[in-house]
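Every number in this text was worked out from the coordinates using simple rules, so none of it is lab data. A quick note: this is a predicted structure, and the numbers were derived from the prediction, not measured. Virtual Cβ from ideal backbone geometry, glycine too; neighbours counted across all protein chains shown.
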Amino acid sequence: MDLKVEIKSKYEHLSDREVNLFINKAKAIAIDQLYPNDLSINYLSFDWTNPRFDMWLLDCVDELVERVGISSVTSYKENGMSWTFDRAGVSQALLDRLPRNIGIIR
């Protein structure tokens, strides 16, 4: 799947720069979850060719785009104007779909 094409077709209002930014944010979130203790691994050098990542990245970009539009608010108050989000990034349900790795055994 060509992730950029999929996102651009779903969110036609996003520029190529914005699409790349959302994809990079999604990849960075995935790496932080997959390898929380190994700082030598980053989203730029990681091998993303495994098709298991395609749908997760697409779903993550969806949540990030929704967050910009404030449609992923889990709580709202009226007069005091209070907004509450599930997490500061993406939902816990999405993060739970990624397995955790400690690092690379050397």
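So which aspartates and glutamates pass the test for Lys4, namely a Cα distance under 19 Å, with those fewer than 8 places away in the same chain ruled out?
Partners within reach: Glu12, Asp16, Glu18, Asp47, Asp54, Asp59, Asp62, Glu63, Glu66.
Run the simple label-point estimate for Ile41 and Met1 please: 7 Å along Cα→C-beta, distance reported in nm.
According to this spin-label approximation, the distance is 2.1 nm.
Give, in nm to one decimal, the length gained when the segment between Asp96 and Thr49 is fully stretched (0.36 nm per residue of separation minus the Cα-Cα distance).
Separation in residues times 0.36 nm, less the Cα-Cα distance, equals 14.8 nm.
Figure the gain on full extension for Ala28 and Asn79 (residue separation times 0.36 nm, minus the Cα-Cα span) and round it to one decimal in nm.
So the extension gain works out to 14.7 nm.
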